1. Rounded to the nearest 0.05, what FRET efficiency is calculated for Glu297 and Asp112 with R0 set to 35 Å and r the Cβ-Cβ distance?
2. Relative contact order, percent, of the range 323-426 when contacts are C-alpha pairs under 8 Å separated by at least 6 residues?
3. Given the Cα-Cα distance of Ala268 and Ala559 and 0.36 nm per residue of separation, how much length would full extension add, in nm?
4. Based on a Kirkwood Rh over C-alpha pairs, give the Stokes-Einstein translational diffusion coefficient of the range 436-615 at 20 °C and viscosity 1.002 mPa s in µm²/s.
5. With each label point set 7 Å from Cα along the Cα-Cβ vector, what nm distance links Asp591 and His379?
6. Mind ranking 544-555, 381-392, 470-481 by how tightly packed they are, going by the mean number of other C-beta atoms within 10 angstrom, highest first?
7. 5 Å is the cut-off here: which amide hydrogens, built 1.01 Å from N in the peptide plane, fall below it relative to Asn336, excluding neighbours closer than 5 in sequence?
8. For Cα pairs less than 8 Å apart in space and 6+ apart in sequence, what is the mean separation divided by the residue count of the range 436-615, i.e. the relative contact order in percent?
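The values are calculated or read from the model by the stated rules, or taken from the named source; none is laboratory data. Note that the structure is predicted; figures quoted are calculated from it, not measured. Cβ coordinates were reconstructed from backbone atoms using ideal geometry, including for glycine residues, and neighbour counts include every protein chain displayed. These accessible areas exclude ligands, DNA and RNA; they are computed on the full protein's heavy atoms, side chains included. Shrake-Rupley method; radii C 1.70, N 1.55, O 1.52, S 1.80 Å.
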Amino acid sequence: MHIWTFFKRRCFPNLLLLLLIGMLVDGMGNALHNPTSQALAAGSLEQTFAQAALDFKVPAPLLKAICYLEGRLSNHGGTPSVDQGYGCMHLLANQHHATLIPAARALNRAPDALKTSLTLNIRGGAAVLHAYQQRLSPAGVPGTTLSPHVWSAVLVVYSGAGDANIAAMYVHEIYHILHTGFIAMAETGERVILPPQAVSLPALASPWTTSHMRNNIVGALGQMSSALPAIANLPKGCVNDGQTDYPGAIDCIVKPKIFDCNRVKDNAPCTYESALRPVAYPVDFVVIHDVEGTAWEAINTFHDVHNGVSSHYVVDTDGTIYQLVHDSDIAYHAGNYWYNQHAIGIEHAGYAENGYQWFNATQYLASARLTAYLLNKFHLPLDRTHVIGHGDIPAPSLSLTPNHTDPGPYWLWDYYFKLINQSGIPYTQEAFNPTIITAHPMTDLLPLGTQGQEAALNYNFIKLYNGPSTASGQIPQAPGDSILNETGNVEPGISYAYTNFAWDAAGSGQMMYQIWYGTESHLHGDKPGHLASARLVWLALKPQNVSHGIGIALSMGDAAKIYSKPTLDSDYQIGDAPPGALFVSGMTWHDPETGDWYEINFNHRQGWISEADVAF
């Protein structure tokens, strides 16, 4: 996954973009003032960064930080991102923006060479940065300094973010990497070291607003004094009118007289319900989805009343946020009506099965800011009980099982929560009970594929085993080999209570934790069924990838029944558990008719149990 997208399709108006790229092409021809630098001798990546810094007057630490953030020091085998960006410097070659070809011309190399060669990709990115720095700092301010005053405007342009706040977050993230440093393995197998740099962190409330960015870019280029539109080429039915709940979102809100189920005629198609949340229904969840397509495809779907579905927000790969349903209203997005009543839905452009090719940090940053806004608005804690995936929600009944599985195994929950936390939302305090744990696998933090690539090996669902050995076989799960199968694994960040632990008998160096888990073992019986029965299973994790969890541990009473929502209606029972089974609860719910209920992490999904079935 290319972590940042660059020069995305709605960042600047076309004329300014063409001017900038045209001048980039003209200016980069003289970038290689040292003739010997065109044929850089084979050497280490440290030499590559150092030589590029010397040739293009861009600080080597800055090049390392961008290469690490954009591509984790990998060219991904020449595979492009969703925006047709290549390599760890994410050089673009699409119909909207073309920086790959100018970079290749500056190096006097074929564009394909920059796609596959990490060395040439780094040098091409350095050439782009140098050209931008020359245009944005015409007074000739030395590029060797790391000062945000020199590089912030350059990085704003380089980010390609369609929103000034997201561009500010990009700049902040680059300087955060410079400030903390890193030691990481590149795709070449070499260790790259960035020592912590003595730099100040630009505030997230950055002065580099759209107007300020316009003044610097236009002033430097000596072109175009008219104001830049915030976003061009909006989807049909959308306007940028400032009439959304979330500041800065594009208004794609559907018309109540056509889409509101409380206003249309009986039996007429509709997609949402007007409500007065949180007065009528408390909002307890933010649900993360993926579109299984592009953002514009999702908007077109939600703008067709006959589809019967909706979501509050859609986040595009360039960080643009579209709102379609007001926060106070009930959107149809969760596949479980009770959750619809109590949740905000956020769709993301992309596909669950190959999310590593779609989800990028611009999108993560924009979504994190939105989620931080929603958590603050509805007074919700930052934890995996309240910020959940569609795949964490149970189907309402066995006949409708399974529910959806998005955003899938390539959504980086730990990374996402870090960004939400950086947006001002504190982490929820860990549980006092030391037997409550949560997993933070490396696959949720860093790319672990061969040669440093983020690919299918970055899959972060965590397998469960029959015994205290990874050689004991995985627990029974639904038939099929889909990587989206959620019936025999858990996700990062969700808490479970362990009852025993031991080193992996197979010698993997992992610790095995015994937990209770609702398995769908009946799928393999004479009469297949989705009723999930709790049993003891084993979770394998490196000790360094485990932390104290969040919530309280509940012991089940006699013949405990698990439901898809807080109700005693047998139609909504989805599982059962024997006496003494132990589950973690992150929240409670009071029903006036049936009393108190506990949400529990029943398996990969949440479940609900009546207080009457809890032995404590």
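1. Between Glu297 and Asp112 the formula returns 0.70.
2. With pairs under 8 Å counted, the relative contact order is 33 percent.
3. So the chain would gain 100.5 nm between Ala268 and Ala559.
4. The Stokes-Einstein estimate is 125 µm²/s.
5. Rounded to a tenth, the inter-label distance reads 2.5 nm.
6. Ranked by mean Cβ neighbours within 10 Å, highest first: 381-392, 544-555, 470-481.
7. Hits under the 5 Å cutoff: none.
8. 21
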